[in-house]
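Below is one structure, written out as structure tokens, with a few remarks after it.
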Amino acid sequence: MPHAFTILGRGRAGQALAVAWGDRIRLEPSTAAPADLVLLAVPDRTVAEVAARFPGRCVHMSGSLDLPGVPCAHPLTSFGGRAADWKGTPLALTGAVPKVLVTAFTDLGFVPFDLPAELKALYHACAVLTSAHAATLWLGAAGLLAQRGVRLPGRGLMALAEATQRNVARQGAAGRTGPFARGDEDTIARDAAALPEPWREIFLKLGRADV
């Protein structure tokens, strides 16, 4: 069976997609030189250099970078190196992504949409806020408690984080709870005073952000 395309890059994204697609594709290091269609799963800083080796037959996966003449397919997820349930996960398409690639992603449950090049940086910044920054908040909060000897049992703060995600998924902004949503200024002031900087500033700025 001929391969549909080759993934270049053996990081977590490349490995996860390669496992999911199986025999339909090859997974090669970024230094390889395949002769077929190439999907670049490489760091942003190397995309332009690697893409230059495959003019007219490569697609990159950078959510933030716009590279003129090179289409992009960006899966809006956090890859862990393994195949996962990606049903309903957005797939941002910028430029003329070959149908074989779009079909391969949709077969895994991804939902494609067109993303204009000029909006990529905003799109990716929002993705970072949702994923990496949210993780920093969870890990930072757990660290603040641990520093004072408070170690939550069971699943710790993750139970709260997941319950909040479910509420927001069902209700949108109305699913946001807590003292800022209630306008409870006494509790806000008491909680803020208990936090060291810069967490106090983050706590207040995020809490009062217009959503």
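Values in this text are rule-based calculations from the coordinates and carry no lab data. Source: prediction; values computed, not measured. Virtual Cβ from ideal backbone geometry, glycine too; neighbours counted across all protein chains shown.
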Open item on the list: List the residues, sorted by chain then number, that are 5 or more residues from Phe5 or on another chain and whose placed amide H is less than 5 Å from its amide H.
Closed with: Arg26
Task: the range 86-93 - phi-based ³J(HN,Hα) in whole Hz, Karplus 6.51/-1.76/1.60, Gly and Pro as x - done: 9, 4, x, 7, x, 10, 7, 10
TODO: Please give the net charge around Thr177, taking every other residue with its beta carbon less than 13 angstrom from that of Thr177, where Lys and Arg add +1 and Asp and Glu add -1.
DONE: +3
Open item on the list: Run through the range 160-211 and list the trypsin sites (Lys or Arg not before Pro) located in a DSSP loop whose Cβ has at most 16 other Cβ atoms within 10 Å.
Closed with: Arg176, Arg208
Open item on the list: Using only alpha-carbon positions, what ratio does the radius of gyration of the range 5-115 give when scaled by 2.2 N^0.38 Å?
Closed with: 0.95
Open item on the list: For q values of 0.08, 0.17, 0.18 Å⁻¹, compute log₁₀ I(q)/I(0) with the Debye formula on a Cα-only model of the chain, without solvent.
Closed with: -0.39, -1.15, -1.24
- [ ] Write down the percent of antiparallel bridges among all DSSP beta bridges whose residues are both part of the range 61-187, to the nearest 5.
- [x] 50
TODO: Express in % the proportion of alpha carbon pairs of the range 121-207 at distances exceeding 15 Å.
DONE: 69
Open item on the list: For the range 151-201, take N as its residue count and report Rg(C-alpha) divided by 2.2 N^0.38 Å.
Closed with: 1.36
